[in-house]
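Inspection log for the structure reproduced underneath, given as structure tokens.
The values are calculated or read from the model by the stated rules, or taken from the named source; none is laboratory data. Just so it is clear, the structure is predicted and the values come from calculations on it, not from any experiment. Neighbour counts run over all protein chains shown; Cβ positions are idealised from the backbone, glycine included. Surface areas here come from the heavy atoms of the whole protein model, side chains and all, with no ligands, DNA or RNA. Shrake-Rupley method; radii C 1.70, N 1.55, O 1.52, S 1.80 Å.
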Amino acid sequence: MRLNVNPNRMELLKLKKRIVLAHRGHKLLKDKQDELMRYFLSQLTEVKKMRKEVENDLIKAHQNILMARAISSPQIVEEALLYPSTKIEIESSFTPLMNLRLVNYRVKIGEQKLTYSLVNTSSKLDYALDFYAKLLPKMIKLAELEKNLEIIAKEITLTRRRVNALEYILIPDLKETIRYIIMKLMEIERGNLVRLMKVKEIVRKH
Amino acid sequence: MGSNEEEMNTEYAYASGKIKVLEKRFFNKQELAGLLERSLTDIVGELESRGYPKIDQEKSVIENGEGLVFLEEMIDKHLDEAYNLVRELSLNPVITNAFLFLNDGHNLKGLIKLKYVKEKKKENIFLKRGFFTEEELKKMMERNIFSAFPPGLRELPQKAITAYKHHKNPQRIDFILDVGFWEYFKNQTGENEFVNEIGKIRVDLINLSVFFRLKEKKEKKTILKQSLLSGGTIVKDKFLRNFSKQINDFINDIRFSPYKKIVREGYDSWEKEHSFALLEKLGDDFLMNYIKKAKYEFLSIHPLIGYLLAKENEAKNLRILLCGKYSNLKEEIIKAELRETYV
């Protein structure tokens with residue numbers, strides 16, 4: 001769609017500058033999109049693999065805790081887990097990537113203490129808790145990777161929309177408008193020429 | 001047999017008769033294994049036909065993951081009923097109460113920990129089969145007066161609270177209450193040879209499990225010292241002496257005890273699978289084989305105690321079976337976890 005501008009040389013110069021800028025922006029955005037896509041795909045494989053691992057480990061841990069409940073009774077396990085056995089601190093920081101702020105979680109797991117009675121509980125509870133303790137850093141790492149993928153995916157969508165807008169709307173519109181202004185200017189030029197020739201002819205007759 | 005004892009024994013005729021009838025409702029090992037092949041709705045039907053309380057839930061609820069909670073409640077209620085029945089039928093409240101006080105010990109641990117946990121959760125942590133009800137214990141906690149407990153127990157809650165406040169370690173509560181309540185149990189049941197032996201076996205099995213689990217976790221010897229219960233046939237010193245030694249030294253040290261085979265097999269299994277599940281299972285089976293003696297006695301408290309512990313064992317087996325089914329464990333794994341049955 002042609003832009004609503006006055007067809008004069010000044011506008012033409014402005015539009016020519018804009019189209020150069022638009023091409024440069026398009027190239028940059030296209031490069032960004034390609035790089036984000038490459039990063040996204042490389043991370044995606046790792047995240048998928050990790051999620052599968054975490055899910056399998058979680059199933060095992062849940063089975064152990066269910067068995068611990070079965071052997072000792074649900075109330076005894078609930079009571080045993082009433083008091084947290086360790087202190088966990090999670091620190092988050094940001095890593096820049098192509099103007100994005102990717103999250104980075106760091107887990108500090110304190111010394112793990114036995115906070116329940118071994119008299120009433122089953123050894124299955126120990127295994128389940130050990131399993132969860134080993135699984136927790138992995139789960140947090142997975143959360144970090146998935147969050148970053150989400151951020152990247154959003155950015156890819158946004159960049160793709162920008163690239164498409166430039167490629168299919170702004171640049172064609174600018175081109176069409178420039179062509180229109182050039183045509184219009186040429187027409188004015190031709191009109192002027194005809195007028196001049198006409199004037200010249202009238203002058204010659206007199 | 002003295003005339004007094006004879007007179008007392010005949011008073012158990014009604015109780016023994018009732019228990020004998022109820023024993024027929026127990027699942028044997030084949031019947032339990034048979035449940036594995038049946039649907040969860042069928043299992044509920046089977047349990048209801050054996051005197052378990054009815055659960056008013058749709059088939060779809062029972063069949064999905066949420067159903068486990070209702071089935072656990074069903075088993076729990078039935079166990080509460082068994083405790084109430086034994087309490088009612090027993091002519092020796094000292095012995096039956098000793099079993100009930102062990103559950104009070106658990107409830108007290110929960111109450112004390114709840115009082116000091118910052119984030120208070122209202123979860124189902126109380127057993128309804130204690131000597132005191134949950135409300136009575138809560139009132140005692142509020143008033144900080146435990147005089148309703150018999151001597152030997154009444155000073156324990158305060159001791160546990162003081163130890164917790166001093167060390168800021170909830171395990172101190174467990175140490176004091178576990179050791180104290182089990183010591184009381186042993187003292188109260190000492191006169192009855194059968195129940196005393198049950199107590200000894202349970203203490204030995206608990207101590208064995210505690211010893212191996214702490215050794216695996218590479219905990220300090222002081223933790224073991226505080227966790228071990230008194231009154232078993234394996235003296236505490238044997239555990240403490242062998243804590244930093246090789247397991248084979250310990251097995252050699254207990255070579256004359258009846259647990260040698262259990263410990264050897266349990267340890268071999270740990271070497272292969274890094275799990276003490278077999279040790280615990282063999283221990284439970286050992287206890288059950290001893291309790292089975294009660295089936296052949298009539299005019300004493302023994303069938304009642306046998307029934308009570310067999311019900312506990314059946315509840316454990318049913319929970320294992322149902323948990324296994326709900327979490328889609330393989331049949332062989334579930335079968336391997338099932339304990340010896342009373343009948």
Please enumerate the residues belonging to region B:182-191 that are in contact (Cβ under 8 Å) with a residue 60 or more places away in the chain and either open to solvent by 10 Å² or more (accessible area, probe 1.4 Å) or more than 14 Å from chain A (Cβ to nearest Cβ) (or both).
-> B:182, B:184, B:188, B:189
Residues (assigned to a helix (DSSP H, G or I) and open to solvent by 30 Å² or more (accessible area, probe 1.4 Å)) located in region A:66-93 = A:66, A:69, A:78
Name the single residue, out of those in region B:42-58 being surrounded by 12 or more Cβ atoms within 10 Å (Cβ to Cβ) and modelled with pLDDT under 90, that is nearest to the other protein chains (Cβ to nearest Cβ).
-> B:55
Scanning for something within 22 Å of residue A:73 (Cα to Cα) and buried (at least 21 other Cβ atoms within 10 Å of the Cβ), does region B:135-157 turn up at least one residue?
-> yes
Wholly inside region B:192-248, helices (runs of 4 or more DSSP H) that include 1 or more residues that are facing another protein chain (nearest Cβ under 10 Å) are B:193-216, B:221-227
Answer yes or no as to whether residue B:97 is within 24 Å of residue B:149 (Cβ to Cβ), open to solvent by 20 Å² or more (accessible area, probe 1.4 Å) and more than 9 Å from every other protein chain (Cβ to nearest Cβ).
-> yes
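Here's the yes/no breakdown for (1) open to solvent by 20 Å² or more (accessible area, probe 1.4 Å); (2) within 18 Å of the chain's Cα centre (by Cα); (3) not hydroxyl-bearing (Ser, Thr, Tyr):
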site: B:220; (1), (2), (3): yes, no, yes
site: B:265; (1), (2), (3): yes, no, yes
site: B:269; (1), (2), (3): no, no, no
site: B:272; (1), (2), (3): yes, no, yes
site: B:283; (1), (2), (3): no, yes, yes
site: B:290; (1), (2), (3): yes, yes, no
site: B:293; (1), (2), (3): yes, no, yes
Scan region A:126-169 for residues that are within 14 Å of another protein chain (Cβ to nearest Cβ) and open to solvent by less than 20 Å² (accessible area, probe 1.4 Å) and report the count.
-> 2
For region B:120-127, indicate whether the set of residues that are of a type in the set (A, V, I, L, M), within 14 Å of another protein chain (Cβ to nearest Cβ), under 20 Å from the mean Cα position of the chain (by Cα) and in a loop (DSSP other than H, G, I, E, B) is non-empty.
-> yes
Hits in region B:69-87 (condition: touching a residue at least 24 places away in the same chain (Cβ under 8 Å), within 13 Å of another protein chain (Cβ to nearest Cβ) and either in contact with a Cys (Cβ under 7 Å, 6 or more places away or on another chain) or surrounded by fewer than 18 Cβ atoms within 10 Å (Cβ to Cβ) (or both)) = B:77, B:80
Within region B:63-103, how many residues turn out to be in contact with a Leu (Cβ under 7 Å, 6 or more places away or on another chain), within 21 Å of residue A:72 (Cα to Cα) and either in the same structural domain as residue B:145 (by TED's automatic domain parsing) or not in a helix (DSSP H, G or I) (or both)?
-> 3
Does any residue in region A:123-134 that is in contact (Cβ under 8 Å) with a residue 12 or more places away in the chain and among the hydroxyl-bearing types (Ser, Thr, Tyr) come within less than 9 Å, Cβ to Cβ, of a residue that is outside any helix (DSSP H, G or I) and open to solvent by less than 30 Å² (accessible area, probe 1.4 Å) six or more places away or on a different chain, and which pairs are these?
-> A:127/B:275; A:127/B:276
Determine, yes or no, whether residue B:130 is touching a Gly at 6+ places or on another chain (Cβ under 9 Å), assigned by TED's automatic domain parsing to the domain that holds residue B:180, outside any helix (DSSP H, G or I) and on the phi < 0 side of the Ramachandran plot.
-> yes
Do we have residue A:104 as under 18 Å from residue B:126 (Cα atoms) and open to solvent by 20 Å² or more (accessible area, probe 1.4 Å) here?
-> no
With respect to residue A:96, is the statement that it is assigned to a strand (DSSP E or B) and either in contact (Cβ under 8 Å) with a residue 40 or more places away in the chain or open to solvent by 60 Å² or more (accessible area, probe 1.4 Å) (or both) true?
-> yes
Which of the residues belonging to region B:312-328 are open to solvent by 20 Å² or more (accessible area, probe 1.4 Å) and within 8 Å of chain A (Cβ to nearest Cβ)?
-> B:316, B:326, B:327
Of all residues in region A:107-125 being touching a Phe, Trp or Tyr at 6+ places or on another chain (Cβ under 8 Å) and among the β-branched types (Val, Ile, Thr), which is surrounded by the fewest Cβ atoms within 10 Å (Cβ to Cβ)?
-> A:115
Residue check: is residue B:287 assigned by TED's automatic domain parsing to the domain that holds residue B:33 and either farther than 19 Å from residue A:69 by Cβ or outside any loop (DSSP other than H, G, I, E, B) (or both)?
-> no
